[in-house]
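Everything below concerns the one structure shown next.
What follows draws every value from the coordinates through simple rules; no lab data is involved. The shown structure was predicted, so the numbers you read here are calculated from the model rather than taken from an experiment. As a convention, Cβ positions derive from the backbone with ideal geometry for all residues, glycine included, and neighbour counts pool all protein chains shown.
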Amino acid sequence: MYVNLCLRRYCCTTHIGNFALYRRFVMKNLLSLEELGKRLKSVDVMMMTLVKRRMELAEQVGLIKRRDGQKIFRADVEDKRINEIKDWARKHGLNPNFAASLLYLLIDESCKQQMIQLQEESLSAVEPGTENERYEGLKKNLLLLTERWCLSYDSYGENEFATKAYLRFEQALINREIEQMSVVESSSTWVVRPAR
């Protein structure tokens with residue numbers, strides 16, 4: 001690109017239209033393989049710096065996804081991003097399939113790193129020392145889980161076979177627990193009968 005720019009300036013200022021002069025100019029001003037190699041190496045380092053920055057951003061995305069209880073791989077988001085990069089590549093004269101493959105490789109590595117983060121986080125969880133600390137930790141986890149899922153719990157279709165079966169199973173468990181907790185007092189006896 002630099003050579004073409006210089007050549008255009010040279011040709012425009014000297015009004016050269018002769019192909020032989022054009023060829024001599026290009027051959028004289030081409031960079032050596034050594035110089036081109038240095039420039040390519042510099043571009044490679046810039047690309048890897050950008051890849052590293054992308055991985056840092058993906059790590060932050062992973063933290064947010066875990067905090068909000070989102071999936072690590074979101075196909076709709078990734079497909080949209082790949083299609084956008086294909087469009088960009090077409091507009092800028094780059095092979096869209098190559099651009100998509102490269103981006104897919106970066107997304108794949110980002111998801112892999114987020115999975116590793118998740119695994120390391122769960123492995124590094126410290127076991128509580130006392131029974132009370134363990135109970136409080138389990139209670140906290142149960143409350144977090146309930147908070148994340150409670151909004152979607154009632155949205156299951158009650159007419160669905162699996163939902164009906166689960167609700168019957170759940171009701172049977174609750175009734176069994178109630179029956180086991182039934183108290184017989186000396187002055188009055190009360191028994192909870194299972195609902196039908």
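Tabulated data for the structure shown
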{"quantity": "Per-selection Kirkwood Rh - region 41-107 (Cα, Å, 1 d.p.)", "calculated": "13.4 Å"}
{"quantity": "Electrostatic dipole magnitude of region 41-123 [Cβ: Lys, Arg +1; Asp, Glu -1; Cα centre; debye, to 20]", "calculated": "220 debye"}
{"quantity": "Cross-link partners of K139 among lysines (Cα-Cα below 25 Å; sequence separation of 8 or more within a chain)", "calculated": "K65, K71"}
